[in-house]
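**Student:** To start, I am sharing the structure in question, which I have written as structure tokens.
The values are calculated or read from the model by the stated rules, or taken from the named source; none is laboratory data. Everything numeric here is computed off the predicted structure, so don't read it as measured data. A quick note on method: Cβ atoms are made from the backbone with ideal geometry, for glycine too, and the neighbour counts reach across all protein chains shown.
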Amino acid sequence: MMPNEKAPKGVKANLPPKTVHHAPVMVGGYKIVSAEFVKGSTSIKHLPEERLPQIAFLGRSNVGKSSLMNALMGRKDLVKVGRTPGKTRELNFFKVNNQFFLVDLPGVGFAKVSNSKRDQMADFIREYVEKCKDLKGLVYLVDVRHGGHAIDIETVEAIRATGCPVLIVASKRDKANQSELAKGLRSIREKFGLEENPLCVSSLKKFGLDQLWQNILEAIEQVDDQKG
Ligand SMILES: Nc1nc2c(ncn2[C@@H]2O[C@H](COP(=O)(O)OP(=O)(O)O)[C@@H](O)[C@H]2O)c(=O)[nH]1
Ligand SMILES: [Mg+2]
């Protein structure tokens, strides 16, 4: 059947999928020409075949990972927001400007928690961080009002131990008043052993996206001498 021929009633027309074109958008001084969902992976064996740098996003469920990725890509709902916590058990790959992937990782902390680090970071997230040579850095989100739980600190330590650069970012800045903000940032700095206060973003109000994009682009361009 020709693509533009009307299908008989009850027969599905064999049309190519509708392509939605988005005009380029500037986000925090960075121009997004294209952003697309490429695939969801449930195992290290099924990562995208295309070899491009990757930047992953991790944090507890509901901390705002998906919202932040949408905000960075200038999209409202490319990444599904507010899904049942713990239900997303895939690594979701989004290709930006045909140059790199942003990767939405499953939320930390909903797996059965025990004292061993093995249970605190799902095996395949750990395996991905250890083995994926294209992973250039990981953005770890912490709600600025909550300041970082034990599981956050243990997870970040485990990731740092693999040699993967970790950028701690505080989320939901718009939800904190001035004193909560100051207190939250100091608490995160101390708990994660940072030299300075972390970057604090709001996906809702689009705060901090310029600095975050700068950090991401720097990590992508970094010559990777850790993993070869
Ligand atoms: N006020 C506010 N709410 C946010 C912000 N980022 C995310 N949220 C909300 O927090 C909830 C969880 O966000 P989501 O992005 O799905 O978190 P994820 O589970 O880490 O991917 C949703 O209801 C979002 O609308 C933010 O910057 N400000
Ligand atoms: Mg999410």
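**Student:** Output the residues belonging to the stretch 177-223 that are of a type in the set (Lys, Arg) and surrounded by fewer than 17 Cβ atoms within 10 Å (Cβ to Cβ).
**Tutor:** 183, 186, 205, 206
**Student:** Could you count how many residues in the stretch 58-116 are away from ligand 1 (no atom under 12 Å from the Cβ), of a type outside the set (A, V, I, L, M, F, W, C) and at pLDDT 95 or above?
**Tutor:** Residues flagged as away from ligand 1 (no atom under 12 Å from the Cβ), of a type outside the set (A, V, I, L, M, F, W, C) and at pLDDT 95 or above within the stretch 58-116 amount to 5.
**Student:** Are there any pairs with C-beta distances below 6 angstrom linking a residue in the stretch 173-189 that is without any contact (Cβ under 8 Å) to a residue 24 or more places away in the chain and part of a helix (DSSP H, G or I) to a residue that is polar (S, T, N, Q) and more than 13 Å from ligand 1 (Cβ to nearest atom), with the two at least 6 apart or on different chains, and if so which?
**Tutor:** The qualifying pairs are 189/197.
**Student:** Restricting attention to the stretch 29-60, and to residues there that are among the basic types (Lys, Arg), away from ligand 2 (no atom under 15 Å from the Cβ) and not in a loop (DSSP other than H, G, I, E, B), which single residue is farthest from residue 152 (Cα to Cα)?
**Tutor:** If we take residues in the stretch 29-60 being among the basic types (Lys, Arg), away from ligand 2 (no atom under 15 Å from the Cβ) and not in a loop (DSSP other than H, G, I, E, B), then 31 is farthest from residue 152 (Cα to Cα).
**Student:** Take residue 142 and tell me if it is modelled with pLDDT of 80 or more, within 13 Å of ligand 1 (Cβ to nearest atom) and under 24 Å from residue 191 (Cα atoms).
**Tutor:** yes
**Student:** Still on this model: Sort out which residues of the stretch 18-51 are in contact with a helix residue (DSSP H, G or I) (Cβ under 9 Å, 6 or more places away or on another chain) and of a type in the set (A, V, I, L, M), and write them in order of number.
**Tutor:** 25, 27, 32, 35, 44, 47
**Student:** While we're looking at this one, here's another question. For residue 166, work out the one condition from (1) modelled with pLDDT of 95 or more; (2) more than 23 Å from residue 44 (Cα to Cα); (3) β-branched (Val, Ile, Thr) it doesn't fulfil.
**Tutor:** The one condition residue 166 does not meet is (2).
**Student:** Still on this structure, please answer the following. Being exposed (fewer than 15 other Cβ atoms within 10 Å of the Cβ), at pLDDT below 95 and either in a helix (DSSP H, G or I) or touching a Leu at 6+ places or on another chain (Cβ under 7 Å) (or both): is that true of residue 119 here?
**Tutor:** Judged against the criteria, residue 119 is a match.
**Student:** I would also like to ask the following. Being of a type in the set (A, V, I, L, M) and farther than 21 Å from residue 181 by Cα is the filter here; which residues of the stretch 128-151 pass it?
**Tutor:** 129, 135, 138, 151
**Student:** Moving on to the next point. Can you name the condition, by its number, that residue 63 falls short on among (1) more than 10 Å from ligand 2 (Cβ to nearest atom); (2) buried (at least 19 other Cβ atoms within 10 Å of the Cβ); (3) farther than 22 Å from residue 26 by Cα; (4) among the hydrophobic types (A, V, I, L, M, F, W, C)?
**Tutor:** In the conditions (1) more than 10 Å from ligand 2 (Cβ to nearest atom); (2) buried (at least 19 other Cβ atoms within 10 Å of the Cβ); (3) farther than 22 Å from residue 26 by Cα; (4) among the hydrophobic types (A, V, I, L, M, F, W, C), residue 63 misses (1) alone.
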